Amino acid sequence: MMLNTDNEQIIDSHQSPINDKILAWVSNKVQADAIEQGDSTIPGGLAKFPADARIVESLFIHPTENTDSSIRFKAKQNWVGSVQKVEDTGIEVRFKDATTGGSDELAELEWDDINPDDRNLVRLGAIVYCSVGRMIRNGQVHNMQVIRLRRLASWTERDVDGIADEAEARMRSMGLE
């Protein structure tokens, strides 16, 4: 939007439909107030009102991008492992280094280290991901370890039978029995 004044043209660098509506309302309000006070020197509203750029700019609140409120995690090291043993106190996982291809590591994880939503996924052979890195939240840097288990769709016997039936039907339709 461009605003003409007696002195110069002011370009609103924060164009938006909402700002345009606000400016139109202010323009109409200034015009109505001027007419009410017997001042007819503002027949075109703000388009001819000798406004100062600071006054017009102060009518708007311009949010700034606040990157401090974002949460980011940057992994420095990643491992992928499988559950080797499940015990009352926790689990034992054999991890493979997914970052540098280093040697395998055997780790004991306590139940408190595992997200409560993931605990029902723990069983022998379950895939476990472990990442160590930095989380940045609200400008603060936190060293963190993130452990999660792979979530896969579970197939029922009925699902598998249905897929097998569909495959057989397609093979018959192509003459590949």
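The values are calculated or read from the model by the stated rules, or taken from the named source; none is laboratory data. Being a predicted model, the structure only gives us computed values, none of them experimental. Heads up, the Cβs are rebuilt from the backbone with ideal geometry, glycines too, and the neighbour counts pull from every protein chain shown. We work out accessible area using only protein heavy atoms, side chains counted, and drop any ligands, DNA or RNA first. Shrake-Rupley method; radii C 1.70, N 1.55, O 1.52, S 1.80 Å.
Output wanted: per-residue J couplings in Hz (rounded whole) for segment 91-101, from phi through Karplus 6.51 cos²θ - 1.76 cosθ + 1.60, θ = phi - 60°, x for Gly and Pro.
10, 10, 10, 9, 9, 10, 5, 8, 8, 10, x
Using only C-alpha positions, report the orientation-averaged shadow area of the convex hull of segment 64-177, nm², one decimal.
Taking the Cα atoms of segment 64-177, their convex hull projects to 13.2 nm² on average.
For Met144, Met171, what's the largest-to-smallest order of accessible area, 1.4 Å probe?
Met171, Met144
Please list, by residue number, everything in segment 77-121 whose backbone N is under 14 Å from a paramagnetic label point 7 Å out along Cα→Cβ of Ile127.
Backbone N within reach: 79-83, 96, 98.
Could you state how much accessible area Glu157 has, in square angstrom rounded to the nearest 10, with a 1.4 Å probe and all protein chains kept in place?
For Glu157, the solvent-accessible surface is approximately 140 Å².
So who's got an amide H within less than 5 Å of the one on Ala98, skipping anything under 5 residues away but keeping other chains? H placed 1.01 Å off N, in plane.
Asn78, Trp79, Val80
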